[in-house]
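Everything below concerns the one structure shown next.
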Amino acid sequence: MNKEYVIKLTEGYARKTLEGELSGHDYWHVYRVWKTAKFIAKKEKADSFIVELAALLHDIADWKAYDGDTTIGPRLAREWLESIEVDAQTISHVCEIINDLSFKGAEVKTPMRTLEGKIVQDADRLDAIGAIGIARTFAYGASKGREMYNPSIPPKKHKTFEEYKQSKSVTINHFYEKLLLLKDLMNTKTAKKLAKERHKFMEEFLDQFFDKWECK
Ligand code: NI
């Protein structure tokens, strides 16, 4: 099995499948997670083949787009990897990562079993913060018809995955319900370092946002 060729085919599959996705889980999100995960894998001396495949397939069928069905992602990933004859051990590791990956609400813990899984989770979370995270959050909110901000709707930490899935809060609250919490959830040393700058940028953005809301 030529690993480089498998990655190339999988990249093409992800690109084709996610083309035109407008909710923030489009191909370019996958592309950024892939590149970031590859960078972290090198620094952390992880198995880059597993990391890259899991990164490329991690949003192949996002549960948010399939009425909360969390099983479809790993299933599609497995079908794809079997179709290009990737070995069974690699497939089961990659599918485990995809299954464990989704963020399930601020107070619901999602531990990853392996270093490779921790790295893909870190890369996915890094793409949710900083300048890109801000842009994606507003794009996603708009796709759901949410208000940007409404001072009468306070942010809320979700205790269960069900609560998180049902939440219909305004977009800016998502920073408090999820994005500002991600910095402390990074698994690897490399990701912790990368998260610092992105986190700071979000705090500055929010300062400006609320400052200008009242025209100060
Ligand atoms: Ni993702």
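Read the figures in this text as sums done on the coordinates, not as results from a lab. Please read these numbers as outputs of a predicted model, since none were measured by experiment. Glycine gets a Cβ as well: all are built from the backbone with ideal geometry, and neighbour counts include every protein chain shown.
Rg/Rh for the chain (Cα atoms only, Rh after Kirkwood) is 0.98. A straight chain from S92 to D69 at 0.36 nm per residue would run longer than the Cα-Cα distance by 6.3 nm. Pairs exceeding 19 Å between alpha-carbon atoms, taken from K8/K183; K42/K189; K118/K189; K45/K192; K144/K200; K16/K118: K8/K183; K144/K200; K16/K118.
Sort the following peptides by mean Cβ neighbour count (other Cβ atoms within 10 Å, averaged over residues), highest first: 124-133, 71-80. Mind showing how you got there, number by number?
Values: 124-133: 21.4, 71-80: 17.9.
Descending mean neighbour count gives 124-133, 71-80.
Mean residue ellipticity at 222 nm from the helices of the chain, using -39,500 (n - 2.57) per DSSP H segment of n ≥ 4 over the full residue count, to the nearest 500 deg cm²/dmol? Per the formula, -19500 deg cm²/dmol.
3J(HN,Hα) along the range 135-145, derived from phi through the Karplus expression 6.51 cos²θ - 1.76 cosθ + 1.60 where θ = phi - 60°, amounts to 4, 5, 5, 6, 5, 5, x, 5, 5, 9, x Hz, with x in place of Gly and Pro. Could you give the nm distance between label points at M148 and E214, where each point is 7 Å from its Cα heading toward the beta carbon? Inter-label distance under the simple model: 1.9 nm.
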